[in-house]
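Colleague: Let me give you the structure first, and then I'll get to my questions.
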Amino acid sequence: MTATSLTEWAYPLAKSLLAEPLPRRWAHSQGVAERARIIAPILGDDAELLEAAAVLHDIGYSPELVKTGFHPLDGARHLRDVAKADERVVRLVAHHSCAWMEAETRGLREELEGEFPRDLPHLDDALCFCDMNTTPDGTPTNPVDRINEIAGRYGADSLIGTFIRRAEPEILACTARVLERVAAVKRQPM
């Protein structure tokens, strides 16, 4: 599968799983992919890969894919086992936005990391940046407001609320690393 065909394949798949049952989640996923296109200059040859992972990152919420109730794992398993996706896309979906921390809270960390090695740190940072800079409706935001929104939506004492507060320093660090890379690219002479 070429890089160009990766996004041509990813958008219809994500749409088929999210648009009808979860239109707001589909709007969010499209917004995350838009953020990926915006930071493409820092990604080089991985720009299409990140955009594909961005539009697919939340497919595990699709009612037809829910098995464990942990959407990164459910989505990654579908991409690996059914869609036969590029393994890098699968790993990015499995580990998006500090998923290992939520997996730990759910008792699924060994399962997640055993099936899907976490070995794309610069792309993990980039996908986290894109996800945490996008509202549930797909519009741009910032990670502080996004984290507050997530904690508020799920409840501060819920599993997700607890996870997102625990992940907050790493989410902010991911954002800082990505913004530093963006700044470095912009500093280069034209």
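The values are calculated or read from the model by the stated rules, or taken from the named source; none is laboratory data. From a predicted model like this one, the values you see are computed outputs, not experimental measurements. For neighbour counting, all protein chains shown are included, and Cβ atoms are generated from backbone atoms with ideal geometry for every residue, glycine included. The accessibility values were calculated without ligands, DNA or RNA, using every heavy atom of the protein model including side chains. Shrake-Rupley method; radii C 1.70, N 1.55, O 1.52, S 1.80 Å.
Colleague: Out of (1) among the polar types (S, T, N, Q); (2) out of contact with any His (no Cβ under 9 Å at 6 or more places or on another chain); (3) in a loop (DSSP other than H, G, I, E, B), what's the single condition that is false for SER97?
Modeller: Condition (2) is where SER97 drops out.
Colleague: Somewhere in region 119-139, is a residue in a helix (DSSP H, G or I), open to solvent by 60 Å² or more (accessible area, probe 1.4 Å) and not basic (Lys, Arg)?
Modeller: yes
Colleague: I would also like to ask the following. Within region 1-55, restricting attention to residues that are modelled with pLDDT under 95 and of a type in the set (A, V, I, L, M), which residue is farthest from THR141 (Cα to Cα)?
Modeller: Per the criteria, the residue is MET1.
Colleague: Suppose we keep only residues that are among the hydroxyl-bearing types (Ser, Thr, Tyr) and surrounded by fewer than 16 Cβ atoms within 10 Å (Cβ to Cβ) within region 140-190. Which one would you say is farthest from TRP26 (Cα to Cα)?
Modeller: Among them, the one singled out is SER158.
Colleague: Can I ask one more? Out of ASP157, ASP145, report the one residue that is modelled with pLDDT of 95 or more, in a loop (DSSP other than H, G, I, E, B) and not polar (S, T, N, Q).
Modeller: ASP157
Colleague: Additional query: Out of (1) under 16 Å from GLU113 (Cα atoms); (2) touching a His at 6+ places or on another chain (Cβ under 9 Å), the odd one out for ARG91 is which?
Modeller: Every condition holds for ARG91 apart from (2).
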